[in-house]
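The structure under discussion appears below in the form of structure tokens.
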Amino acid sequence: MSLNVHTTLTKTEIHASNASLWIGLAGFLSLGAGNVLAAGDPTSQPGRLSWSMQCAGPILIAVAIALHLGHLGYRIGKPAVTLFIVGSSLLGLCTAHLVISPDLWAEKTWSNIAQGLWAVGLLFLSAALASVAVHKERQIEHRIAQVRDIGDTDMSNVSVHASFLTLITGSVGFLLYAVGYVQLIEVAGGTRWSWMLQVIGCMLLAVAIINHLEHLVRHIGLGAVIFGVLGAVILSISSIPFVVDPENYNSSPYWAQFFWNVWGVGATCAAISILFIIMRKRTLAHAED
């Protein structure tokens with residue numbers, strides 16, 4: 001009996017605190033709701049409430065990561081955690097000026113600032129995953145054991161479970177997504193190539209999750225993984241109409257409405273994924289009792 005409990009804890013223990021999980025969930029919900037609000041009226045610009053929620057969402061996610069700093073710093077390295085926090089914060093702060101004056105979205109200079117900061121935030125997230133890969137490489141070289149894992153005495157083990165392929169795939173995904181946004185700044189409405197990069201970037205993020213499927217399912221549960229993958233796939237769909245015809249970005253407000261709504265659904269899927277993690281953590285806690 002004790003052996004079974006030992007195995008379960010080793011495979012499924014969730015270290016994130018309830019506070020960090022709930023704040024992360026609130027962050028993705030806020031981001032999703034903000035995007036859905038932006039799609040409310042296809043003939044008008046997003047309002048202050050929409051921009052406020054889009055601003056608050058990623059910042060809450062950054063706070064959730066910061067609350068989990070101690071364990072994450074051990075697992076993936078403090079430089080990576082710092083990059084994740086800065087990247088997420090930039091994704092929120094990119095719309096701060098639009099919270100103050102929503103009309104600025106209609107001005108090219110200010111919309112370019114928002115898109116530029118969003119791209120920089122994505123670059124930080126790309127660098128964060130690359131930093132995790134470097135952290136893993138250093139651990140392999142120095143044969144650092146996962147001493148905090150129950151019963152793990154194998155010196156060849158490392159605290160980063162994701163493969164190098166998974167980490168690099170995710171890093172490249174964020175990188176391509178960022179480059180796609182940079183091209184939106186260079187060409188008003190974007191080019192087919194810029195939108196295509198955004199689609200490919202999001203799809204690579206989904207592939208990265210799938211590459212790490214076995215460990216993720218064992219650790220956070222199938223439901224959380226399914227909605228995580230689904231969220232990344234849905235986000236990639238948001239840009240497909242503009243890959244088909246880049247003029248759709250400017251020719252019809254209804255395509256912009258489609259973009260906002262799809263983003264809202266994708267972010268909500270991420271929130272649901274975290275909800276599954278919270279439920280799993282609660283179940284494990286009751287099992288221990």
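Tabulated values for the structure
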read-out	value
Nearest-0.05 FRET efficiency for residue 217 and residue 69, computed from C-beta distance (R0 25 Å)	0.45
Where N is the number of residues in the chain, Cα Rg divided by 2.2 N^0.38 Å	1.04
Positive-pole candidate from 66, 200, 25, dipole of the chain, charges at beta carbon	66
Relative contact order [Cα under 8 Å, 6+ residues apart], segment 185-234, whole percent	41
Only Lys, Arg (+1) and Asp, Glu (-1) charged, at Cβ; the chain dipole about Cα centre in debye	380
Computed [θ] at 222 nm, helices only, for the chain once each DSSP H run of length n ≥ 4 contributes -39500 (n - 2.57)	-26000 deg cm²/dmol
Dipole-positive endmost among 140, 90, 259 within the chain (Cβ charges, Cα centre)	140
Segment 2-288, relative contact order [Cα under 8 Å, separation at least 6], %	22
Zone residues, segment 78-100, relative to residue 137, backbone N less than 19 Å from point 7 Å out along Cα-to-Cβ	78-84
Selection from 126, 215, 236, by position along the positive dipole direction of the chain (Cβ)	215
Efficiency of FRET between residue 161 and residue 19 - r from beta-carbon atoms, R0 35 angstrom, step 0.05	0.90
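Every number here is computed from the coordinates shown, using simple stated rules; none is lab data. Fair warning: this is a prediction, and the values are worked out from it, not measured in the lab. For neighbour counting, all protein chains shown are included, and Cβ atoms are generated from backbone atoms with ideal geometry for every residue, glycine included.
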